[in-house]
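*Asks:* Submitted below is the structure of interest, expressed as structure tokens.
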Amino acid sequence: MIENIAKVWTQYWNLFLTGLGYTLLLSLITVLAGCVIGFFLALMRMSKWKVGNVKPLSAVVGMFVEIVRGTPLLLQLYFFYFLLPDLVYFWEPSKFTCITIALCLNSAAYVSEIIRAGIQAVDRGQTEAARCLGLNSKQAMIHVVLPQAVKNILPALCNEFVTMIKETSLASTFFVGELMTQYKTISGALYLTIEPLIIVGIIYFVVTFSLSKCVLAMERRMSAGD
Amino acid sequence: MTDKELLKVENLHKKFGDLHVLKGVTEHITQGEVVSVIGPSGGGKSTFLRCLNLLEIPDEGKIYFEGVDITDKKVDINVHRQKMGMVFQHFNVFPNMTVGQNITMAPVLLGKKSQKEADEMAAELLNRVGLLEKINEYPKRLSGGQKQRLAIVRALAMEPDVMLFDEPTSALDPEMVGEVLAVIKELVKTGMTTVIVTHEMGFAREVSDRVFFMDGGIIAEKGTPEEIFGNPQNPRTKEFLGKVLY
């Protein structure tokens, strides 16, 4: 078996690495876009704007987050895979685009909760002190609350990235070219199931394990600082 | 003491849900006056103080600061808050900034001072409260008493017209109470208008021009320290002082 693994690797290493490239690219795009969208979702979720007794922005975002969290990611991928091409007449998004958008929205929901929790974990007294000095709510948020919230948010965000690396494997259902897609291709070509699977597993593990260790080191450094 | 009214409160009401915390407070505080607010927990002292700079929005009533009705929705409260310094029970210093930055952030950000002017002022203020050598430290390295002294000079850096203290020594270890009270005493000597919610009866008696005894959401009794501590009239005041002065 070990020999077989070595053989598969020497024969197809470039496909594995291409797959890894796609996996990392997909998760990076997802988390970055997720951060940007998630940040605004978090702000909307926390907005105090009221119409009567309801907070429309907060309610809509709340509903979105619950739906994303309450349905399987695979279902969401299918949904956008079928929905997006039909949605706009003159636009024919590629598979990769559909899947990326679905992943981004999924990640945005989780990231928005991370950001919201990080902001709300900053003591209320900090905002009060800032407001008492004459800062308006935006200035208090930017200069006092956010710099402290980043400390809470950053490690959780990196963990979200690690999770996303694994979650993107679901995209192989649509053959978008990431690691699990490559696995399917290679195992189909070789009629071998276990050996390429072990290689793919090792690649996933090495990447996520070392990233998790980095996050841990970062957390330690942050708590050691001021 | 001049007779200029600095703060005037009319029929102030505040509810938290079903809890009616302030039940119609009407009072005025003149320029240069030092007022202590005492009373049992839940009597509305802190809420009263926090209403003065609209940290709590009153449900009813008006608050005039330097002649302006700050409860008016059209008034930019941020401008008026710059003139009202506030010190909290739990210090609320900014842990992500150095001691110096804690002081200079607001004056620079709000365009009151250049960074250079603010730095000079920070050094001078810190020197006054004996924290100059800590200017580049982070608050994590300060004791509770030092944090509270920093919080006081941070508020002073905005050159306020009134200082509000919300139980400034209640969260301190006993041996640190003195150093904070000493700073407040020095401040009072400069003629700063001061409203202080406190459980330090000896201190209230010593520095105040007037004392408010708050209970049940109203100012149940008010007067000079001699009147309140020496010869209280209201039975509730008597009972409270009987419990705390032993």
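*Asks:* Calculate, for the stretch A:42-168, the solvent-accessible area per residue in square angstrom, rolling a 1.4 angstrom probe over the heavy atoms of the protein chains.
*Replies:* 52
*Asks:* Please report, in whole Å³, the volume per residue of the convex hull around the C-alpha atoms of chain B.
*Replies:* Cα-based convex hull of chain B, divided per residue, equals 132 Å³.
*Asks:* How many Cβ atoms of partner chains, on average, are near each residue of B:87-98 if near means within 10 Å of its Cβ?
*Replies:* So the per-residue partner count for this stretch is 5.
*Asks:* I would also like to ask the following. Rounded to a whole number, what % of the accessible area of chain A do carbon and sulfur atoms account for, probe 1.4 Å?
*Replies:* 68
*Asks:* Could you work out the Kirkwood radius for the protein assembly as shown, taking every pair of different alpha carbons, averaging 1/r and inverting it, reported in Å?
*Replies:* 26.5
*Asks:* Then there is this: If packing is taken as the mean number of other Cβ atoms within 10 Å per residue, what is the order of A:207-214, B:118-125, B:65-72, highest first?
*Replies:* B:118-125, B:65-72, A:207-214
*Asks:* Which whole-Hz couplings ³J(HN,Hα) result when phi for each residue of the stretch B:220-231 is put into the Karplus expression 6.51 cos²θ - 1.76 cosθ + 1.60, θ = phi - 60°, listed in order with x for Gly and Pro?
*Replies:* In residue order, the calculated couplings are 6, 7, 9, x, 6, x, 4, 5, 5, 7, x, 8 Hz.
*Asks:* With viscosity set to 1.306 mPa s and temperature to 10 °C, compute the Stokes-Einstein D of the stretch A:1-122, Rh being the Kirkwood radius across alpha carbon pairs; µm²/s, no decimals.
*Replies:* Estimated diffusion coefficient is 94 µm²/s.
*Asks:* Please give the calculated 222 nm ellipticity per residue for chain A, where each DSSP H segment of at least 4 residues contributes -39500 (n - 2.57) and the sum is spread over every residue; nearest 500 deg cm²/dmol?
*Replies:* Numbers: 9 runs with 179 residues, N = 226.
About -27000 deg cm²/dmol.
*Asks:* A plus B alone minus the pair: what accessible area, both sides summed, probe 1.4 Å, in Å² to 100?
*Replies:* 1900
*Asks:* Please get the size of the charge dipole for the stretch A:68-153, origin at its Cα centre, with Cβ charges of +1 on Lys and Arg and -1 on Asp and Glu, quoted in debye to the nearest 20.
*Replies:* 260
*Asks:* Averaging the inverse of every distinct alpha carbon separation and then flipping it gives the Kirkwood radius. What is it for the stretch B:39-94, in angstrom units? Display every interim value, and only then the final one.
*Replies:* Numbers: mean 1/r = 0.0796 Å⁻¹.
Result for the stretch B:39-94, one decimal place: 12.6 Å.
*Asks:* Would you mind calculating the relative contact order of the stretch A:63-126 from Cα pairs under 8 angstrom and at least 6 residues apart, reporting the percent as a whole number? Before the final figure, lay out the partial values.
*Replies:* Details: 27 pairs, mean separation 24.4, N = 64.
This gives 38 percent for the stretch A:63-126.
*Asks:* Can I ask one more? Across peptide A:133-144, what mean number of C-beta atoms from other chains lies inside 10 Å of a residue's C-beta?
*Replies:* The mean count of partner-chain Cβ atoms within 10 Å per residue comes to 6.
*Asks:* Using modelled amide H (1.01 Å from N, peptide plane; none on Pro or chain starts), what sits under 5 Å from the amide H of B:V21, excluding residues fewer than 5 places away?
*Replies:* Residues meeting the amide H criterion: B:K14, B:K15, B:F16.
*Asks:* Based on alpha-carbon positions alone, could you give the equivalent ellipsoid semi-axes of the stretch A:67-172 from the gyration tensor, as √(5λ), descending, whole Å? Spell out each step's value before the answer.
*Replies:* Numbers: eigenvalues 273, 53, 21 Å².
In descending order the semi-axes read 37, 16, 10 Å.
*Asks:* Cα axis of helix A:179-190 to longest principal axis of chain A: angle in degrees, 0 to 90, nearest 10?
*Replies:* With both axes taken from Cα atoms, the answer is about 10 degrees.
*Asks:* Under a no-solvent Debye model with one identical scatterer per Cα of the stretch A:173-226, what's log10 I(q)/I(0) at q = 0.16 Å⁻¹?
*Replies:* So the normalised log intensities are -0.59.
*Asks:* Moving on to the next point. Please report, in Å, the Rg and the Dmax of chain A, where both are computed over Cα atoms only.
*Replies:* When restricted to the Cα atoms of chain A, Rg and Dmax are 21.3, 71 Å.
*Asks:* Any idea what log10 I(q)/I(0) is at q = 0.10, 0.18, 0.20 Å⁻¹ for the stretch B:143-236, Debye with uniform C-alpha scatterers and no solvent?
*Replies:* Ignoring solvent entirely, the Cα scatterers give -0.29, -0.87, -1.03.
*Asks:* Once the Cα atoms of the stretch B:1-87 are picked out, what are the Rg and Dmax in Å?
*Replies:* Computed over the Cα atoms of the stretch B:1-87, radius of gyration and Dmax are 12.8, 40 Å.
*Asks:* Calculate the mean, over all residues of peptide A:146-156, of how many other protein chain Cβ atoms lie within 10 angstrom of the residue's Cβ.
*Replies:* For this peptide, the per-residue mean of nearby foreign Cβ atoms is 1.
*Asks:* Further question on the same structure: Any idea what the dipole of the protein assembly as shown comes to, in debye rounded to 20, about its Cα centre with Lys/Arg Cβ at +1 and Asp/Glu Cβ at -1?
*Replies:* Magnitude of the dipole: close to 740 debye.
*Asks:* On to the next question. For B:K222, which sequence-distant residues (separation of 5 or more, or a different chain) have an amide H within less than 5 Å of its own amide H, given hydrogens modelled in the peptide plane?
*Replies:* The list, which skips near neighbours in sequence, is B:F213.
The values are calculated or read from the model by the stated rules, or taken from the named source; none is laboratory data. In this text, all values refer to a predicted model and were calculated from it rather than measured experimentally. Here Cβ is always computed from backbone atoms with ideal geometry, including for glycine, and neighbour counts include all displayed protein chains. Quick note on the areas: whole protein, heavy atoms, side chains included, nothing else; ligands and nucleic acids left out. Shrake-Rupley method; radii C 1.70, N 1.55, O 1.52, S 1.80 Å.
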